[in-house]
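These notes are about the structure you will find just below.
No lab work stands behind these numbers, since they all come straight from the coordinates. Given the structure is predicted, the values throughout are model-derived calculations rather than measurements. No Cβ is skipped: glycine too gets one built from the backbone with ideal geometry, and neighbour counts run over all protein chains shown.
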């Protein structure tokens with residue numbers, strides 16, 4: 001069925017939001033038209049959305065009408081693999097930021113925007129998959145989301161990873177604007193940032209592995225470690241504010257420390273979802289009503305050799321001509 005949108009007098013930004021909404025709610029075909037023809041800003045907005053959403057293509061393009069279709073098979077892409085693909089891209093972003101901070105090679109930051117675009121595309125696809133699975137048990141089985149409880153958990157984790165990506169993008173922006181100033185930051189701040197980025201990358205990797213394995217003991221240990229690291233960052237930020245309130249280098253370091261601390265706070269949610277999942281009815285039903293404290297071997301850990309998790313291209317997601325590099 002075709003979803004029809006009368007774009008007459010509609011702002012371009014509204015059309016963008018409506019198209020994104022139609023995508024994640026599972027509309028396969030959207031027809032946009034306007035009396036007197038679609039304006040140039042409206043057409044640019046439509047093209048912008050089509051370019052950034054996986055599987056969306058313009059099939060009719062006239063002065064009066066633009067029709068787009070979504071060609072993604074809802075049962076083809078397993079949500080756990082998509083989630084962990086997102087986490088792997090975030091880890092690569094963190095490694096780039098760390099390398100820039102250590103080497104001063106600001107040109108490496110050019111790698112961040114394509115990776116962040118990939119994160120946004122994948123998280124929207126996850127949302128679409130989950131909403132479709134909530135209405136169709138067959139799709140739910142095919143994408144490896146066996147219960148409504150799991151749907152909620154995956155949606156929350158996907159959103160958390162998306163926001164962590166926003167924090168990393170902000171860190172990259174600070175490095176782009178203030179890398180030279182950071183060279184004059186207090187030694188303690190520079191050392192904390194250089195150690196903090198790889199430490200957070202390791203915590204992210206371990207958190208996602210614990211999530212895949214539903215490892216309660218690992219998630220509990222990680223919650224303690226994340227809180228310790230976050231507290232240290234907050235204390236560092238307060239110390240910089242107190243000791244060097246007018247220093248531009250100190251101010252740049254404070255912003256980086258704050259963004260990294262916020263990313264740690266977000267990662268807490270992933271481990272809380274892991275613990276909650278361990279006591280959900282569908283989980284304990286498979287373990288004789290006992291909580292499996294040691295977890296299980298996760299089929300979608302970040303070390304998986306599955307092609308979705310290996311390499312920077314979209315071809316392994318089955319999109320064919322939609323392939324685009326993230327490096």
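What's the Kirkwood radius of the range 89-128 in Å, using all Cα pairs?
Working: mean 1/r = 0.0927 Å⁻¹.
With all distinct Cα pairs of the range 89-128 included, I get 10.8 Å.
Cβ-to-Cβ counts within 10 Å put 152, 200 in ascending order as 152, 200, the fewest first.
Rounded to the nearest 500 deg cm²/dmol, what is the calculated helix-only ellipticity per residue at 222 nm for the chain, with -39500 (n - 2.57) per DSSP H run of length n ≥ 4? Mind showing how you got there, number by number?
Details: 10 runs with 207 residues, N = 327.
My calculation for the chain gives -22000 deg cm²/dmol from helical runs alone.
Suppose the Debye formula is applied to equal point scatterers at every Cα of the range 74-220; what is log10 I(q)/I(0) at q = 0.22 Å⁻¹? Debye curve over Cα of the range 74-220, log10 I(q)/I(0) at q = 0.22 Å⁻¹: -1.29.
Explain nothing, just the number: relative contact order of the chain, from Cα pairs under 8 Å at least 6 residues apart, as a whole percent. Mind showing how you got there, number by number?
Values: 475 pairs, mean separation 59.6, N = 327.
Rounded, it is 18 percent for the chain.
Normalised by the number of residues in the range 2-70, the mean separation of alpha-carbon contacts (under 8 Å, six or more apart) gives a relative contact order of 37 percent. Spatial offset of the range 120-153 relative to the range 181-246 amounts to 32 Å, using the alpha carbon center of each. Here the range 238-283 is treated as a Stokes sphere of Kirkwood radius computed over C-alpha pairs; at 10 °C and 1.306 mPa s its diffusion coefficient rounds to 123 µm²/s.
Report the normalised scattering of the chain as log10 I(q)/I(0) at q = 0.09, 0.12 Å⁻¹, calculated by the Debye formula with identical scatterers on the alpha carbons. One equal scatterer on each Cα of the chain leads to -0.55, -0.91. Taken along its three principal axes, the alpha carbon spread of the range 2-70 comes to 29, 20, 17 Å, from the longest extent down to the shortest. Which residues in the range 256-280 place their backbone N less than 13 Å from a point set 7 Å from the Cα of residue 166 along the Cα-to-Cβ direction? Correct set: 263, 266. Sorting 262, 208 from the fewest to the most surrounding beta carbons within 10 angstrom yields 262, 208. With neighbour counts taken as other beta-carbon atoms within 10 Å, the residues 62, 170, 25 rank, fewest first, as 62, 25, 170.
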